Amino acid sequence: MKSAIIVCAGNSSRFSGGRENKTLYLFEGKPIFLYSVNVFERLNFDLIVIVIKAEEKKSFDKYLNPKIKIAYGGPRRQDSVLNALDLVPADSEVLVHDGARPFLTDKIVKDVLSEIRSKRCVVPAIKSEDTIRIENAGKCTLFDRNKVFRMQTPQGCVAGELASLYKKFSHIDLLDDASAFELEGFEIKLVDGDKRNIKITTKEDLKILQALL
């Protein structure tokens, strides 16, 4: 079984100061989150779960077909994902995606799915092309950029394993799904990401979207 969780319950503080949900922003007449939904629909996913804020349900409802399930966000991203996992069968392969990444490609989805195994989290990533320096206590040190990767979503794994790990490490604020697997000593498998698969963070990023379109 193939399932997708699309997280749309963030605060959008850097996009609008929290005044509007960036995933609902209309881009070319279509809300940003819906671009990703359409990819998973096109690839015939068995289950799609959208994570939203309860007060925004009406705003999302008008764009969703009845087959798509809704979960409500929690205080942290990991809490939101865990709420969605309650709706996903434990043995399902699941891809967790940021609703603010509208240019998800079929290839990324298929590449992530092809590498999912038990005790493994699959992550699309892009190798850094920039020279990297790390500052520590006022000292700036050159770092090997060949060892630096930019993580993207969707991140894929077995649903029940992710749910179990999020519960186990609930006392830790985790940056992404792979972090839970890493803490347990499970494998993190990287696959090729895509430069177009950017995450909308500020309104300046909309100019990049327009250029890509």
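Each value in this text was obtained by applying a stated rule to the coordinates, not by laboratory testing. Model, not experiment: these values are computed from the prediction. Ideal geometry is used to build each Cβ from the backbone, glycine not excepted, and the neighbour counts take in all protein chains shown.
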Sites K119 and M1, calculated FRET efficiency, Cβ-Cβ separation with R0 25 Å, nearest 0.05: 0.85
Residues in region 135-176 that a label on L190 would reach, taking backbone N under 12 Å of a point 7 Å out along Cα→Cβ: 144-152
GluC sites (Glu not before Pro) restricted to DSSP loop in region 78-171 with at most 14 other C-beta within 10 Å: E129
Alpha-carbon centroid distance for the pair region 94-114 / region 37-51, whole angstrom: 10 Å
Amide hydrogen neighbours beyond the local backbone of V148, cut-off 5 Å, H modeled: S128
DSSP-defined beta bridges in region 2-212 - what % are antiparallel, rounded to 5: 40 percent
For the chain: relative contact order, % (alpha-carbon pairs under 8 angstrom, 6 or more apart): 23 percent
Globularity index of region 2-212, i.e. its alpha-carbon radius of gyration over 2.2 N^0.38 Å: 1.02
Filter on K69/K168; K30/K58; K22/K58; K57/K168 - keep pairs with C-alpha separation over 18 Å: K69/K168; K57/K168
Whole-number D in µm² s⁻¹ for region 62-106, Kirkwood Cα-pair radius fed into Stokes-Einstein, 4 °C, 1.567 mPa s: 105 µm²/s
Two-site label geometry, N146 and R133: point separation in nm, points 7 Å out along Cα→Cβ: 2.2 nm
Ascending count of other beta-carbon atoms within 10 Å, so fewest first, for V81, V148, V158: V148, V158, V81
Ascending count of other beta-carbon atoms within 10 Å, so fewest first, for F33, F40, F149: F149, F40, F33
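For I70 and D46 in the same chain, what is the full-extension length gain: residue separation times 0.36 nm, less their Cα-Cα distance, in nm?
Working it through step by step, the gained length comes to 7.2 nm.
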Least to most buried among V96, V88 (fewest other Cβ within 10 Å first): V88, V96
For G193, distant residues with modelled amide H under 5 Å away: A125, I126
